[in-house]
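Chemist: Below is the structure I would like to discuss, written out as structure tokens.
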Amino acid sequence: MCTVVIDVENAGSARLLAVRDEDPLRAWDSLGAWWPVDYPGVVGIRDRRAGGAWLASNPAERRLAVLLNRADVGDLPAARAVSRGALALESVMGRSPVAPLSMHGFNLLEVRPEGARVLSWDGVELRETAIDPGTHMIAHDDLDDATTPRIEAWLPEFRALGPTADSDDWTAEWTALLASSTALPPEDDRAIIRDNRPHGYPTQSLLYCIASVSGDGVDVRDVALPSPAHWTDERIADTDA
């Protein structure tokens, strides 16, 4: 149930905001070079349990990838399912997935020198969707899918900010809009900072990343939320009140 907003300027140049939803009981590590042997030079957010990455970047190759879950069409037995954790890591090394895959569904957003795209696997078919210049949004369905409530609610707002290339400080503008979205309760299906438990999943928003990819390389910053599904620390807010 993660969310990514991306503004593509041209091939190999994009800026994005990625929000990670995960079970708070599943341990993770903030941005770091956690894979020096298998993936030298790669920096990412590591899942401690499986050892993979939710977001990964390879600055030397000007590559970045983000993994989002999506529903399966088929019924893959748990015993046969391979972890999706290596997808982003392999992607930034230039090795994108090829069907068939013994994995549950996913959207893999890739920013590469050749351009940005989404690879979508539903358990049966692997589809590629090129991301054209402009601002776009993806979650657990298709790119810019208006049937996803948070995309319907917030994609027009991000687009209204204009191209990030024309902004004096796009990161501040996008972060401010993300903050304003938290006026919605995290259980609201339009929310970007989310509590997915009422929707049948144990995941909650835990962190967000701001990233840019250009001819100069890749710049990524991560920010952990003060508590799952909350933009501010409620204890501090209560004290101030």
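The values are calculated or read from the model by the stated rules, or taken from the named source; none is laboratory data. None of these values were measured; they are calculated from a predicted model. All Cβ positions, even for glycine, are placed from backbone atoms using ideal geometry, and neighbour counts span all protein chains on display. Note: accessible area is taken over every heavy atom of the protein model, side chains too, but ligands, DNA and RNA are not part of it. Shrake-Rupley method; radii C 1.70, N 1.55, O 1.52, S 1.80 Å.
Chemist: Which of the residues spanning the stretch 145-170 are over 21 Å from His199 (Cβ atoms) and in a loop (DSSP other than H, G, I, E, B)?
Modeler: Leu161, Gly162, Pro163, Ser167, Asp168, Asp169, listed by residue number.
Chemist: Wholly within the stretch 16-120, which strands (runs of 3 or more DSSP E) include no fewer than the required count, namely at least 3 residues that are open to solvent by less than 30 Å² (accessible area, probe 1.4 Å) and under 20 Å from Ser205 (Cβ atoms)? Spell out the reasoning first.
Modeler: On the way: elements: 28-32, 43-47, 53-58, 63-69, 106-112.
Of the strands (runs of 3 or more DSSP E) lying wholly inside the stretch 16-120, those with at least 3 residues that are open to solvent by less than 30 Å² (accessible area, probe 1.4 Å) and under 20 Å from Ser205 (Cβ atoms) span 43-47, 53-58, 63-69, 106-112.
Chemist: Looking only at the stretch 149-166, decide whether some residue is more than 19 Å from the chain's Cα centre (by Cα), in contact (Cβ under 8 Å) with a residue 60 or more places away in the chain and surrounded by fewer than 14 Cβ atoms within 10 Å (Cβ to Cβ).
Modeler: Yes, the stretch 149-166 has at least one match.
Chemist: OK, next. Is it the case that some residue within the stretch 189-198 is more than 23 Å from Ala71 (Cβ to Cβ) and either at pLDDT below 95 or within 15 Å of the chain's Cα centre (by Cα) (or both)?
Modeler: No, because not a single residue in the stretch 189-198 is more than 23 Å from Ala71 (Cβ to Cβ) and either at pLDDT below 95 or within 15 Å of the chain's Cα centre (by Cα) (or both).
Chemist: Filter the stretch 181-204 for residues that are outside any loop (DSSP other than H, G, I, E, B) and open to solvent by less than 60 Å² (accessible area, probe 1.4 Å) and give the result.
Modeler: The answer is Ser181, Asp195, Gln204.
Chemist: Does the stretch 54-76 include one or more residues that are touching a helix residue (DSSP H, G or I) at 6+ places or on another chain (Cβ under 7 Å), hydroxyl-bearing (Ser, Thr, Tyr), at pLDDT 95 or above and under 28 Å from Asp219 (Cβ atoms)?
Modeler: yes
Chemist: Return yes or no: is Glu128 under 29 Å from Pro97 (Cβ atoms), modelled with pLDDT of 95 or more and either in contact with a Leu (Cβ under 9 Å, 6 or more places away or on another chain) or not aromatic (Phe, Trp, Tyr) (or both)?
Modeler: Yes; evaluated as a whole, the condition is true for this residue.
Chemist: Turning to a different aspect of this structure: List every residue pair whose Cβ atoms lie under 8 Å apart, where the two residues are 6 or more positions apart in sequence or sit on different chains, the first residue falls within the stretch 68-86 and is touching a residue at least 12 places away in the same chain (Cβ under 8 Å), and the second residue, located anywhere, is open to solvent by 80 Å² or more (accessible area, probe 1.4 Å) and among the acidic types (Asp, Glu).
Modeler: Val73/Glu125
Chemist: Looking at Ala146, Ala224 in this structure, which one is without any contact (Cβ under 8 Å) to a residue 24 or more places away in the chain, under 28 Å from Ala71 (Cα atoms), out of contact with any Lys or Arg (no Cβ under 8 Å at 6 or more places or on another chain) and open to solvent by 30 Å² or more (accessible area, probe 1.4 Å)?
Modeler: On the way: Ala224 fails: without any contact (Cβ under 8 Å) to a residue 24 or more places away in the chain.
From the options Ala146, Ala224, the qualifying one is Ala146.
Chemist: So, one more: Taking the stretch 190-233 only, how many residues are in contact with a Pro (Cβ under 8 Å, 6 or more places away or on another chain) and among the basic types (Lys, Arg)?
Modeler: Result for the stretch 190-233: 2.
Chemist: Right, next: For the stretch 205-221, what are the residues that are open to solvent by 20 Å² or more (accessible area, probe 1.4 Å) and in a strand (DSSP E or B)? Write out each step before concluding.
Modeler: From the stretch 205-221, those open to solvent by 20 Å² or more (accessible area, probe 1.4 Å) are 208, 212, 214-216, 218-221; that's our starting set.
Residues satisfying the conditions are Tyr208, Ser212, Ser214, Val218, Asp219, Val220, Arg221.
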